[in-house]
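The values are calculated or read from the model by the stated rules, or taken from the named source; none is laboratory data. The shown structure was predicted, so the numbers you read here are calculated from the model rather than taken from an experiment. Glycine also receives a Cβ, built like all others from the backbone with ideal geometry; neighbour counts cover every protein chain displayed. Heavy atoms of the whole protein, side chains included, go into the accessibility calculation; ligands, DNA and RNA do not. Shrake-Rupley method; radii C 1.70, N 1.55, O 1.52, S 1.80 Å.
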Amino acid sequence: MLEIQNITKIYNAGTLTEQCLFRDFSLKVEEGEFVSIVGGNGSGKTSLLNILCGTIPVEGGDVLIDGKSVLKMKDHQRYVSMGRVYQNPAAGTCPGLTVLENLSLADNKGRPFGLGRGVNRRRTEVYREELSSLGLGLEDKLDVPMGSLSGGQRQAVALLMATMTPLRFLILDEHTAALDPKTAEVIMALTDRIVREKGLTAMMVTHNLHHAVTYGSRLLMLDRGHVALDRRGAEKAATTTEELLGIFNRLATQCD
């Protein structure tokens, strides 16, 4: 279980632009849940993911995994059990390295590299099979530089890289926002399949309300650092895009 306990996050503390985003914010995510998170700009969506991943500090509270605090863990310790895919398809991959070299780096996450070769050619067929499962023809592009792939292809490889090693948590930070609608649907279908097959606990921030209601087992809407909507199971499955848009617009009007 992932627990966020009484988190307080203040931006620009002690200045004229001080903003308290979270105050005593708490949230529990059960093992195996796929949580879709929506909300307006400044609602706290990306900040929440950054707190979970340890990329921004907090002023109070704690983050627990199975009852153990991870708030002060070093990055390499935290990412043993956690993978993240970013909004920008260029993030999380090395453009100057080939697809094979990128996959090799991801495959070695958490292991000592030493001075040996970074690419294990004996794993090539494994990588080819993994790429083939994506259905994008990437199995024939192992020796192609990552930077020459399309945005959708690169995001698909980034998703594969984030989940190659055994992990429990997948963090998805608007990972389809930079893609065209058709490619975004392909990536979401891949995401759903990977989460299900690997039994991951996933948290996905998205501005796409259709994706939010279609995918995942739980739906959260954040509003100015608070949970404005929390639905799961049958209640979440019955939620429509139109209803979610209505709630979103109502909260935006109240904010104004």
Protein accessible area in the chain, 1.4 Å probe - carbon and sulfur %: 51
At a 1.4 Å probe radius, which order do S132, S43 fall into by accessible area, largest first? S132, S43
Quote the FRET efficiency, to the nearest 0.05, computed for A252 versus S133 with a Förster distance R0 of 35 Å and r equal to the Cβ-Cβ distance. 0.30
Mean Cβ count within 10 Å, highest first, over the residues of peptides 228-239, 171-182: 171-182, 228-239
At 222 nm, what value in deg cm²/dmol follows for the chain if DSSP H runs of at least 4 each add -39500 (n - 2.57) and the sum is divided by all its residues, to the nearest 500? -10000 deg cm²/dmol
What ³J(HN,Hα) values, in whole Hz, does the Karplus curve 6.51 cos²θ - 1.76 cosθ + 1.60 give for the stretch 81-87 when θ = phi - 60°, with x put for Gly and Pro? 10, 9, x, 9, 10, 9, 5
Accessible surface, per residue, of the stretch 39-183 when the full set of protein chains is kept, probe 1.4 Å, Å²: 49
Rg/Rh over Cα atoms for the chain, Kirkwood Rh, comes to 0.98
Rounded if a/c is under 1.5, else prolate if a/b is larger than b/c, else oblate: which is the stretch 194-256, with a ≥ b ≥ c the root eigenvalues of its Cα gyration tensor? prolate
Stretchable slack from E243 to K28, in nm (0.36 nm times residue separation minus alpha-carbon distance): 74.9 nm
With label points set 7 Å from each Cα along the Cα-to-Cβ direction at I56 and K74, the distance between them in nm comes to 2.5
On a 0 to 90 degree scale, rounded to 10, what angle separates helix 151-162 from the longest Cα axis of the chain? 90
Could you compute the FRET efficiency for Q19 and E197, with r as their C-beta to C-beta distance and R0 at 45 Å, rounded to 0.05? 0.65
